[in-house]
Structure formats: C-alpha cells, structure tokens
Amino acid sequence: MKAGDQLITHFDKTLIALDLSGEKPVLAWSKELPETPAELLAADGKLFAVSESGAVFCFSEAEREALVYGLPEDDRDTSLPPADSRTGRILAESKASEGYALVLGVEDGDVVHGLVTRTDFRVIAIDPDRAKLDELRRGFAEYDELNSKFQAIVGDPATIQIPPYIANLITSEKPGVVPDEQTFEMLRPYGGVACFEKSDGSFSTKRREGPLPDSADWTHETGDAARSYFSPDKLVKAPLAVLWYGDGVDHGFHKRKDYGHGVKPQAAGGRIFALQVASNTLHAVDSYTGRLLWKTKVDDSARYVSWADAIYVAQGRTVDVLDPKTGEVSATWDLKIELPEDQPVNATDIRVTAETVLIGLRFNESQRIDQGRWESELLVVFDRASGTQLWSRKADLRYSTSAVAIAKDTVFAIDSHSPIEIQAMSRRGEDTTKLKSTVLALDAKTGAEKWQFTLDNPPAEMSNIHFIGLRGSDDWLAAAVKKNLLLAGKNSRTVALDLDSGDQVWVKESKGQQPLIITGDTFINQVGHTYETATGKVLNAERLFTRGGCNYAVGCENLVFLRDNCAAYVEIETREQHNLRNLRSGCSASLIAAGGLLNAPCFSVGCICNYPIQTSFSMFHLPEAGEWNKAVPEIAAE
C-alpha cells in the first residue's frame with residue numbers, strides 16, 4: 001500500500017515502511033506485530049493493520065501509550081445443550097455435530113441459540129420475520145466468535161433458493177415441517193441429515209448417505225494409480241456455476257506456485273486435500289462448502305494419495321496413514337531399507353490401490369527437479385490392509401515419476417537413463433542417440449517379474465531440464481485398463497503394449513503426448529488431438545483445445561479442464577470452450593472433477609502472471625447458468 005511518500009507492506013508478522021522521497025527507496029521503519037496482517041489501511045494520518053483473526057492495530061506518528069481494547073469477558077455456557085432440550089433432542093436424533101446447519105423457520109429462537117452458542121455448527125436461519133432475526137443477530141453480535149457463526153436470511157423457507165449440498169443438518173423450530181426434494185438437495189453428501197419435529201413431538205430424519213450417484217474421486221495427482229488423468233465423474237458437465245469461493249483462516253486454500261515441485265490437489269470422500277509447500281502443511285477442505293476441516297504438518301518431501309477411507313503420506317523413512325476426517329495419524333509404517341541411518345531418504349512417488357501401496361524413494365535431500373526430484377532409485381510396496389512391507393526393487397538406472405503406474409494387480413515401471421544423466425553424457429560428447437528404456441511388469445503383491453519390454457526410443461532431446469519440457473521428453477507410461485493396454489513413450493513416439501503379455505500392439509509417431517487423458521475407448525493428448533486407444537489412430541485432426549500457460553489438461557466424462565491463459569473447460573461432445581475469466585489455475589493442474597464438482601483450490605499465488613482473481617472455488621452443474629453469459633453482449637458474441 002502507498003501512503004504519501006511511503007510504501008507500506010509486511011513480511012509475515014513484520015510491518016515494513018519504505019521511504020520513497022529520495023532517489024532510492026530506504027527503510028523508514030519496521031514493526032513486529034503479534035499477528036499476521038490481512039489488510040492495511042491509511043486514513044486520518046494513521047495506519048491501520050487488521051489481522052486475519054479480526055484484531056485491529058492502529059499506529060500514528062505521535063508517540064503515546066497504546067490503548068488496548070479487549071473483547072467482553074466470555075462467561076457463556078459452552079457445554080452441549082441439555083439432552084431434554086429441543087436442540088439436544090435434535091442433535092441426538094440426527095447424530096450431526098459440525099458443519100453448516102440450516103434452520104428453516106424460527107419461533108422463539110431456542111434451537112438457533114443452542115446451535116450457535118453450544119455446538120460447532122455454523123448456523124443459517126431462514127424466516128420471513130425480519131424483527132425476529134434481527135433480535136437473534138443483536139444477541140450474537142456482542143461476541144465475535146458467535147457473530148461469525150450465524151447468518152440470517154429473511155425469506156420463505158419453502159421457496160428460498162439455497163445452494164445444494166451445503167447442510168450437514170437441516171431442521172426447524174416449527175413442528176410439522178415436511179421436507180421435500182428441494183430440502184434433500186441442500187443436504188451435504190456423505191451423511192447430511194434433515195431432522196424435523198413432528199406434530200406429536202417425535203422426530204423424523206432423512207439422511208443423504210454416501211457419495212452423489214455417478215460422481216467419482218480423484219485420488220492421485222494423476223487421477224488414479226493407472227495415471228489416466230481422467231475422472232469417471234458424470235455429474236460435472238456444462239454449464240457450471242460457482243458453488244462457493246474464497247480463502248481465509250477457516251475456509252478455502254491458497255498456495256504459492258510450485259513449478260512442478262508440490263503435489264497437485266486431490267479429492268475423495270467429499271474432501272479436497274491440498275499440500276501447502278511453503279509451510280509444509282497438508283490441508284483438508286470440505287468440497288461442498290470450502291470449510292477448512294483440518295491441517296497437519298508434513299515433511300518437505302512428502303508425497304500423498306487420498307482415498308475416502310485413508311490418506312497415505314510418504315515422507316522420509318515412513319508412511320503415515322491419516323484419518324481423512326481429522327488428519328490424525330492412525331498408523332505409521334516403517335520402510336525397511338538397507339541403508340545407514342545418516343543416509344538421506346526421501347519420497348519421490350506414491351501409488352495406492354485397493355490392496356497395495358507403492359512408494360518411490362530417492363537417496364538425496366534436494367527438492368529440485370534438476371537434481372532428481374522426479375526420480376526414484378527404489379520401489380517399495382506395502383499391503384494396504386496390514387501395513388506389511390511386501391517387496392522392494394532397486395532400479396538399474398532410475399524410475400521416472402511419470403513412468404510408474406499400477407493396474408490389474410501389476411506394477412508397471414520404466415527403468416531408464418535420467419534427463420540429468422543424458423545431459424551430462426552429451427556434455428562429455430558421448431552418444432545419446434540409442435539409449436534404451438526397459439518397461440517392467442511386476443506382480444503387485446510379490447514383485448515377481450511378469451514381463452519386460454525394451455523401448456526403441458528416438459534420440460534423446462534434453463536441451464534443458466525444466467518441468468514443462470520433461471513432460472514430453474522424458475519416459476512416461478499410463479494404463480488404459482478398459483482396452484487392456486499399456487501406453488508408453490518418449491519424445492514423439494508412443495507404443496501400446498498388451499497389459500498381460502507385454503506384446504506390442506501398435507506404435508505411432510506423434511507430438512504433444514504427455515500426459516495423456518485416457519477416457520477408455522479414446523485418449524486425448526496435450527495438443528488436443530483425440531485418438532482411438534485400440535489402434536492409436538487419430539479420430540479428429542481438429543484440436544479439441546489450445547493450451548496457453550504452464551499447465552496441462554485433465555479430463556472427466558464430459559469435460560476437459562485446462563489453462564488457456566485463463567482457466568477454462570471444454571465440452572468433449574460439442575467442443576465448446578467456456579472460459580473462467582480473470583483467474584488462472586496453478587502452474588500444474590489444479591482443476592479436478594470429483595464428488596460431482598469441479599474443485600479448484602488456489603494454486604496460483606505468487607506467480608508473475610497478472611490475473612486479478614486469486615481464490616479457491618468449486619463449481620456444480622446448473623442448467624440455467626448457460627443463460628447468464630448470453631445476458632452480456634460481449635461474452636455472447638464470442
């Protein structure tokens with residue numbers, strides 16, 4: 001912020017002012033605060049800093065003893081409501097304990113008051129009586145914590161439009177309310193419950209169990225263990241509308257750009273899991289509301305996979321199994337590797353199936369891609385149910401992170417020269433035109449070799465080691481399970497091998513491959529061409545999309561998500577592109593289809609690309625949203 005001749009900013013908790021009146025900026029002053037500022041304001045000759053918790057700090061030029069204004073002493077009873085109270089009975093009947101609670105109709109305010117003051121719910125009360133709601137507001141306004149937990153909406157609960165999937169609990173203070181389909185639509189998947197008091201004083205409950213029908217999870221940064229970069233979610237389709245957006249201390253997520261270093265976001269069981277590289281913290285966010293569920297500290301080399309029933313975090317010499325509801329460690333598995341204790345060990349890769357957990361390890365401490373961040377020297381496999389280590393296999397050369405997949409109870413990996421080694425060989429004048437790559441098929445439970453195939457690669461092209469360039473020039477593979485094929489390649493060549501035998505089915509020369517979006521009968525490469533999986537033939541020479549910026553496209557049943565400068569999605573069937581203007585996705589894919597939503601945690605903070613909107617959000621299919629763009633002539637004309 002610029003105020004007069006001073007430029008005022010902050011670094012973490014330290015306020016900094018630079019004097020701009022001279023030829024060069026000089027430090028005018030600095031001040032350490034007890035909290036990190038979220039906003040800075042200058043007015044009336046004073047500087048105001050507002051922290052993320054809501055504390056306000058005021059500074060002036062004149063020296064004086066600071067005045068401190070505290071909040072009123074909180075002497076509220078915060079224990080759970082009495083079991084025989086109406087709120088207590090609702091909690092007992094519904095078995096709900098946190099999240100968003102909708103109260104559709106208010107009488108004396110006792111249920112609203114009980115939920116706000118004595119539970120962890122965030123409460124939204126809806127009633128046509130403005131005076132009644134204002135009275136509740138004023139009662140909560142004295143306490144900042146309560147004020148932020150309560151929202152009142154004046155309207156008819158029977159007709160008002162509320163976003164779908166928001167509520168962990170829906171109830172009413174008015175007996176005899178009969179929930180309809182609109183009420184059920186507001187319930188959050190995975191256990192949201194409607195609990196209403198009947199006229200006779202008993203309660204009726206209706207629960208939304210499990211996931212949304214035809215939705216799917218995105219368990220790996222590659223979509224799944226097969227590296228398909230594809231979600232079978234059928235609910236995510238055009239047109240899409242924003243379900244929620246924003247980032248703060250208790251909602252959303254934001255991280256600085258990682259240029260390929262950090263793990264990309266995942267979503268499973270109605271939760272988004274995202275890794276904040278700067279603070280080494282793993283965050284869980286409610287997919288349907290943006291509510292921060294938990295965060296936990298991890299190592300700077302942590303790799304993770306997200307299943308609905310467990311989160312697997314590989315770091316150092318261990319694998320931690322986390323409870324997806326709480327982030328607490330439920331089990332720790334030790335990696336049995338025959339190396340001295342002082343030998344650095346870091347996780348490079350992780351793949352998880354219903355029966356096995358595979359970890360890729362490297363033996364250095366560097367987090368740089370040009371020093372092996374994407375390369376594994378050893379593969380270790382655990383039994384997912386028991387945590388028992390089943391087997392390990394050392395690479396003759398190395399395993400690329402883009403060349404390890406699991407499908408049909410088989411681990412597929414390519415053992416090959418690394419780009420770093422190829423560069424060094426080129427500098428020494430050695431021949432790099434005939435370097436081979438060995439595709440291995442290993443039994444997932446025993447490590448026994450099923451088959452191997454030697455790829456006859458085109459000459460290596462390694463002019464620089466950059467995360468964007470490596471996607472196309474390094475070894476890669478992916479399993480097209482529906483067609484029983486393993487697709488593998490390097491540079492401009494792609495080979496299809498039979499998953500069971502390793503026999504070559506076809507080989508094609510084409511550019512722009514890695515990573516492939518494997519939809520089943522077809523696959524789409526990164527220049528937007530669609531191919532027939534069984535034959536490798538181009539089905540449509542016209543590009544489905546054109547990318548712009550450091551990213552790659554991923555897909556689902558109906559859409560492809562990409563960065564065309566701004567974030568965008570393309571309808572596979574109609575080929576129509578929809579741009580999400582003024583915002584971008586991360587330096588690597590951060591737009592994922594899961595749980596019936598397009599999930600987009602903010603992965604773009606700190607990039608030199610100048611986009612005015614940096615925020616997390618989720619989107620859902622809303623047919624009428626297709627009419628909104630038509631109301632803006634400039635957009636409708638595109």
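The values are calculated or read from the model by the stated rules, or taken from the named source; none is laboratory data. Worth saying up front: this structure is predicted, and the values here are computed from it rather than measured. Here Cβ is always computed from backbone atoms with ideal geometry, including for glycine, and neighbour counts include all displayed protein chains. Quick note on the areas: whole protein, heavy atoms, side chains included, nothing else; ligands and nucleic acids left out. Shrake-Rupley method; radii C 1.70, N 1.55, O 1.52, S 1.80 Å.
Numerical summary
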item	result
Relative contact order of the range 271-409, defined on C-alpha pairs under 8 angstrom at six or more residues apart (%)	14
Thr574-Asp309 FRET efficiency (beta carbon distance; Förster radius 22 Å; 0.05 resolution)	0.05
Nonlocal amide H pairs with Ile170, under 5 Å, H built at 1.01 Å	Leu102, Val193, Ala194, Cys195
Unit charges on C-beta of K, R, D, E only; dipole of the range 191-343, Debye	580
Amide H partners (placed H, <5 Å) of Tyr165, local residues excluded	Met186, Leu187
Nearby aspartates and glutamates by direct alpha-carbon distance to Lys537 (threshold 13 angstrom, same-chain neighbours under 8 apart not counted)	Glu509, Asp521
Selection from Thr205, Asn280, Val249, by position along the positive dipole direction of the range 176-310 (Cβ)	Asn280
Proximal lysines relative to Lys206, as straight alpha-carbon distance under 24 Å, when same-chain residues fewer than 8 apart are discounted	Lys95, Lys174, Lys198, Lys325
Share antiparallel - DSSP beta bridges, the chain, percent rounded to 5	85
The chain: relative contact order in percent, alpha carbon pairs under 8 Å with at least 6 residues between	10
Cβ-based charge dipole, the range 281-323, positive-most Cα from Gly290, Ser301, Tyr312	Ser301
Per residue solvent-accessible surface (Å²) - the range 306-348, probe of 1.4 Å	49
Protection-proxy order for peptides 560-571, 343-354, 600-611, each taking the mean of Cβ atoms within 10 Å per residue, highest first	560-571, 343-354, 600-611
Value of [θ]222 nm, deg cm²/dmol, for the chain, DSSP H segments ≥ 4, -39500 (n - 2.57) each, nearest 500	-2500 deg cm²/dmol
Relative contact order [Cα under 8 Å, 6+ residues apart], the range 497-638, whole percent	12
The range 527-543 - phi-based ³J(HN,Hα) in whole Hz, Karplus 6.51/-1.76/1.60, Gly and Pro as x	9, x, 8, 9, 10, 7, 5, 5, 10, x, 6, 6, 8, 8, 6, 7, 5
More than 40 Å apart - percent of Cα-Cα pairs taken over the chain	38
P(r) tail fraction, the range 53-125 - alpha-carbon pairs more than 20 Å apart, %	48
Cβ-based net charge around Asp498, under 12 Å, with every Lys or Arg adding one and every Asp or Glu removing one	+1
Check: the range 251-339 dipole with +1 on Lys, Arg Cβ and -1 on Asp, Glu Cβ, in debye	380
Trp244 long-range amide H proximity, modeled H, under 5 Å	Ser618
Arg368-Lys46 FRET efficiency (beta carbon distance; Förster radius 51 Å; 0.05 resolution)	0.65
Extreme residue, positive dipole direction of the chain, given options Gln423, Leu390, Gly54 (C-beta unit charges)	Gln423
Reach of Lys13 by Cα under 24 Å, taken over lysines that are not fewer than 8 positions away in the same chain	Lys2, Lys31, Lys46, Lys255, Lys257, Lys295, Lys297
Point-charge dipole on Cβ atoms (K/R +1, D/E -1) for the chain, about Cα centre, debye to 20	1700
C-alpha long axis of helix 130-141 to longest principal axis of the chain, angle in °	70
